[in-house]
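Asks: Could you have a look at this structure, given as structure tokens, before my questions?
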Amino acid sequence: MAQGFVGIIGYQVDVVDDPADGTAVPHLAVMDMYVKAVARAGGRPVVVPVLDPADASGIVADFAAVVVTGGTDVDPLRYGQPRSPRTLDPDPRRDDAELAVCRAAVTADRPLLAICRGSQVLNVALGGTLIQHLDHHMRRDLYNEDVHRVTIAADSGLAALVGTSIGTNSLHHQAIDAIAPNARAVAWAADGTIEAIEVPGAPRVRGVQWHPELLRHREEHLALFRDLLR
């Protein structure tokens, strides 16, 4: 595919198209703010259907970059834990697809931005674990405003893009716990929550816990999407 196309990994939702009939049918979904952020950064967004994990390497190779988005919780069985009552219903097909995409991007060292759930998927894909519930990290009322500041390791690729401190929103109730063996935590909230990870062996792969697509009007957050296209 031509340079500049960014694949945004979609997922399936059931939608009632005809209220008179009332039958819910599967639709491909991606929240439009991811599309807007990629476009604003100068990319050409393409929503990728829920895929067979065996196709992940081909999908990663076909695009200039890939975005793995936020959403429902990763199944704790994927990281060897029983499910907490606070964990939302998992989507096995979505887990399969996104875990495969993250692993393929790392193997190929292809540009990948993993956001919120996506950063958690990336960590799990590489062998890490998650905290299944955090209080006080879900602030929907401040979705496009600063909720807290994040401190960033000065020697990280993320710091080269946005500096060593950044104000972020906070729209999650889970977070990274044990970091994957071949990943590195590079940003933290004041309470110690991991807010970003990188993969030293694949420097074009990055995960952030906040939602930069909702802060795309600010250059320091849009820089994460611009970096996919460099």
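Rule-based calculations on the coordinates, nothing more; no lab input. Being a predicted model, the structure only gives us computed values, none of them experimental. Ideal geometry is used to build each Cβ from the backbone, glycine not excepted, and the neighbour counts take in all protein chains shown.
Asks: Work out, step by step, the length gained on full extension between Ala160 and Thr107: first 0.36 nm times the residue separation, then minus their alpha carbon distance; give nm to one decimal. Write out the running numbers ahead of the final one.
Replies: Numbers: separation 53, 0.36 × 53 = 19.08 nm, distance 2.31 nm.
Result for the pair: 16.8 nm of gain on full extension.
Asks: Among Tyr34, Val150, Ser119, whose Cα lies farthest out toward the positive end of the dipole of the range 5-229, if unit charges sit on the beta carbon of Lys, Arg (+1) and Asp, Glu (-1)?
Replies: Result: Val150.
Asks: Given a Förster distance of 35 Å, report the FRET efficiency between His217 and Asp62 from their Cβ-Cβ distance, rounded to the nearest 0.05. Present the calculation step by step, with values, prior to reporting the outcome.
Replies: Working: r = 30 Å, r/R0 = 0.85.
Rounded to the nearest 0.05, the efficiency is 0.70.
Asks: Project the alpha carbons of the chain onto their principal axes and report the range along each, largest first, in whole Å.
Replies: 55, 45, 34
Asks: In the range 59-145, what chymotrypsin sites (Phe, Trp or Tyr not before Pro) fall in a loop by DSSP, with at most 15 other Cβ atoms inside 10 Å? Display every interim value, and only then the final one.
Replies: Details: sites: Phe63, Tyr79, Tyr143; in loops: Phe63, Tyr143.
Hits after loop and neighbour filter: Tyr143.
Asks: Under a crude label model (7 Å from the Cα following the beta-carbon direction), how far is Leu28 from Asp14 in nanometres?
Replies: Label-label distance for Leu28 and Asp14, simple model: 2.1 nm.
Asks: GNM on the chain, C-alpha springs below 10 Å: top fluctuator among Gly22, Gly167, Gly157?
Replies: Looking only at Gly22, Gly167, Gly157, the biggest GNM fluctuation is shown by Gly22.
Asks: List the equivalent ellipsoid semi-axes of the range 61-165 in whole Å, largest first, each obtained as the square root of 5λ for an eigenvalue λ of the Cα gyration tensor. Let's see the in-between values first.
Replies: Details: eigenvalues 104, 93, 33 Å².
Listed largest to smallest, the semi-axes of the range 61-165 are 23, 22, 13 Å.
Asks: A further question follows. Express the Stokes-Einstein translational diffusion coefficient of the range 1-136 in µm² s⁻¹, to the nearest whole number, given a Kirkwood radius over alpha-carbon pairs, 37 °C and a viscosity of 0.692 mPa s.
Replies: Details: Rh = 15.8 Å.
Here the translational diffusion coefficient equals 208 µm²/s.
Asks: Given the options Thr168, Thr129, Thr107, state which has the largest fluctuation in a GNM of the chain using a 10 Å cut-off (strictly under) for Cα springs.
Replies: It is Thr107.
Asks: Restricted to Cα positions, what overall size does the range 1-72 have along the principal axes? Three whole-Å values, descending.
Replies: 44, 31, 23
Asks: Counting pairs of alpha carbon atoms under 8 Å apart in space and at least six apart in sequence, what relative contact order in percent does the chain give? Can you show the working numbers first?
Replies: Working: 517 pairs, mean separation 47.0, N = 230.
So the answer I get is 20 percent.
Asks: Now for a different question. Gain in length, Ala39 to Arg230, computed as 0.36 nm per residue apart minus the alpha-carbon separation, to one decimal in nm?
Replies: Working: separation 191, 0.36 × 191 = 68.76 nm, distance 1.42 nm.
Taking 0.36 nm per residue and subtracting the Cα distance, the gain is 67.3 nm.
Asks: Another one. Given the Cα-Cα distance of Phe5 and Ala153 and 0.36 nm per residue of separation, how much length would full extension add, in nm? Mind dumping the intermediate values first?
Replies: Working: separation 148, 0.36 × 148 = 53.28 nm, distance 2.99 nm.
Full extension from Phe5 to Ala153 adds 50.3 nm.
Asks: To the nearest 20 debye, what is the magnitude of the charge dipole of the chain about its Cα centre, counting +1 on the Cβ of each Lys and Arg and -1 on the Cβ of each Asp and Glu? Intermediate values should be presented prior to the final figure.
Replies: Working: 21 positive and 29 negative charges, 140 e Å.
The calculation lands at about 680 debye.
Asks: Per DSSP H run of at least 4 residues, take -39500 (n - 2.57); add these up for the chain, divide by its residues and hand me the 222 nm value, nearest 500 deg cm²/dmol. Don't skip to the answer; put the middle values down first.
Replies: Working: 6 runs with 56 residues, N = 230.
Counting only the DSSP helices, I get -7000 deg cm²/dmol.
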